[in-house]
1. Mind checking which pairs have a first residue in segment 16-31 that is in contact (Cβ under 8 Å) with a residue 40 or more places away in the chain and at negative phi and a second that is of a type in the set (Phe, Trp, Tyr) and buried (at least 21 other Cβ atoms within 10 Å of the Cβ), Cβ under 9 Å, 6 or more apart or different chains?
2. Is it the case that Ala346 is free of Cβ contacts under 8 Å to residues at least 12 places away in the same chain and either within 22 Å of Thr422 (Cα to Cα) or in contact with a His (Cβ under 6 Å, 6 or more places away or on another chain) (or both)?
3. Which one of Arg306, Arg357, Arg328 is out of contact with any Ser or Thr (no Cβ under 7 Å at 6 or more places or on another chain), closer than 22 Å to Gly85 by Cβ and not small (Gly, Ala, Ser)?
4. Which residue pairs have Cβ atoms under 7 Å apart, sit 6 or more places apart or on different chains, and have a first residue in segment 218-238 that is among the charged types (D, E, K, R) and a second that is not in a helix (DSSP H, G or I)?
5. Do we have any residue at all in segment 112-135 that's within 25 Å of Gly305 (Cβ to Cβ), touching a helix residue (DSSP H, G or I) at 6+ places or on another chain (Cβ under 6 Å) and β-branched (Val, Ile, Thr)?
6. Which of (1) among the β-branched types (Val, Ile, Thr); (2) closer than 30 Å to Phe174 by Cβ; (3) surrounded by fewer than 23 Cβ atoms within 10 Å (Cβ to Cβ); (4) under 21 Å from the mean Cα position of the chain (by Cα) does Val24 not meet, given it meets every other one?
7. Which fully enclosed strands (runs of 3 or more DSSP E) of segment 430-499 have 1 or more residues being among the hydroxyl-bearing types (Ser, Thr, Tyr) and surrounded by 12 or more Cβ atoms within 10 Å (Cβ to Cβ)?
8. Which one of these is of a type in the set (Phe, Trp, Tyr) and touching a His at 6+ places or on another chain (Cβ under 8 Å): Phe451, Phe436?
Amino acid sequence: MTTTVNNKTLAAIDLGSNSFHMIVANVVDGNISVLDRIKESVRMAAGLDKNRNITPEASERALECLRQFGQRINGLPEDAVSAVGTNTLRRAKNSAAFLVEARKALGYDIETITGLEEARLVYLGVAHSMAGADGTRLVVDIGGGSTEVILGEQFDTLYRESLHMGCVSMSQAFFSDGKLSKSAMRRARYEARQELRSIRGFYKSHGWNTAIGASGTIKAIGKVSEAMGWSDSGITPKSLKKIRRAMLDAGHIDKLQLKGLSDRRRPVFSGGVMVLSAVFDALDVEQMLVSDGALREGLLYDQVGRIHHADVRDNSINAFSERFSVDRAHVERVRKTAYKLYDFCADEWGIRDEEKRHLLSWAAEVHEAGLAISHNQYHKHGAYLVEYSDLAGFTREQQKALAVLVRLHRRKFSDKMFDGLTGDCSDGLKYLAVLFRVAVLLHRSRIDREFRGLRVTAGPDKLTLEFPDGWLDKHPLNKAGLKEEKQYLAGADIKLEFS
């Protein structure tokens, strides 16, 4: 297996609320060639108890699936595998504990993504699968626990929403006994329309040229529509009406006989039909084409973009820093010094990794964003903004790690800030925070400075800075700051020495 930039094998894994999907593909000169697809129905959303904890039974189903996935991709480099959890893992109270076991089962890191990031990736997968569609696209993806509704052009999203309804959650709420009554269907459809009220006016006023549906629920509805002869292409209001009529005539989901409907999809089909019916109602959709691409394909293309240095996260950070009017000159001087310190210490501290270097760069970009709110405690304000803003391309864990670097770039250094961080982002983050603090401290005077002749050495929980003779005496502000920093870091069991 070759792992060069122009020829690489990648894997994308989607831990959905109803099914887990994995796609393995070769990437040659930016083009994707699928090698393998594996799908397992694990019913995670249905496996949440009344306290929103993943039950042992659901957990074991999921872990067994991930062990199988892990066997298939065993041997791929860490950076060749992208695995993300969606709505159920966002909601589950014990998701952190589950993810510890899940990572062991898969053998690779797994991170959760926000609903808006899920929407972005879904759109990316659809856009690459249906690249010929011109103009503005409306893309709808009905998952197990959430529904993503996106407007976009070409490969970029214009507006994204993630709504709290899905085929599993709606089926559980209105059809848990399997009965398909007129009253239950009416209530489910009304509930879904209520969820759509917040976006209906805006999306309709903006308009679109093509409506496209993605993922299992919509693919199943599209397959039934065409197999039953109710639509020549995709899904229409007429085909949806005929499906609802067939559901009423059947009276129970087990008695529903429709060409194209698989037994695996059957338990959550009714909830999905009601959600899509509400989407057609609320947005006046006349026809919806069905895409083969969805979240996992979006993950693959996102990875390809990073390989070719088109990382959407860089754009997100640039837009964020512009929004809060950060000082660009100061960003560059802090970033340059942070890189210098990192290059000295990365090997000794075991943090040499491209993602770690990216984190330092992004931290330099955003660490002063909190000044837009107040100078007092601005590091805390900035950390909050970073953690809870919509930063396209970032997982929840990545945003939390970046927020920690911002929070800890000045004043008290608390080990407690690292509690609750999981996955690859947490590894070595304490050392990154130390280096970033020092880089910011050395530029307190906010003037360009090269630090030629500075020698930096690192040891176990130790950082030593050796400045050229007489430098510290000529820069009393930096000298005083380093003395104070030595005390801060000592409280976190990091020894700072300087001369």
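The values are calculated or read from the model by the stated rules, or taken from the named source; none is laboratory data. Computed from a predicted model, the values in this text were never measured in an experiment. Cβ placement follows ideal geometry from the backbone for every residue including glycine, while neighbour counts extend to all protein chains displayed.
1. Phe20/Phe69; Met22/Phe69
2. Considered against the rule, which asks whether it is free of Cβ contacts under 8 Å to residues at least 12 places away in the same chain and either within 22 Å of Thr422 (Cα to Cα) or in contact with a His (Cβ under 6 Å, 6 or more places away or on another chain) (or both), Ala346 comes out as yes.
3. On the way: Arg357 fails: closer than 22 Å to Gly85 by Cβ; Arg328 fails: closer than 22 Å to Gly85 by Cβ.
From the options Arg306, Arg357, Arg328, the qualifying one is Arg306.
4. Filtered contacts from segment 218-238: Lys219/Val290; Lys223/Gly260; Lys238/Trp230.
5. Looking for residues that are within 25 Å of Gly305 (Cβ to Cβ), touching a helix residue (DSSP H, G or I) at 6+ places or on another chain (Cβ under 6 Å) and β-branched (Val, Ile, Thr), one finds at least one in segment 112-135, hence yes.
6. (2)
7. Strands (runs of 3 or more DSSP E) meeting the threshold: 455-459, 462-466.
8. Checking each option against the conditions leaves just Phe436.
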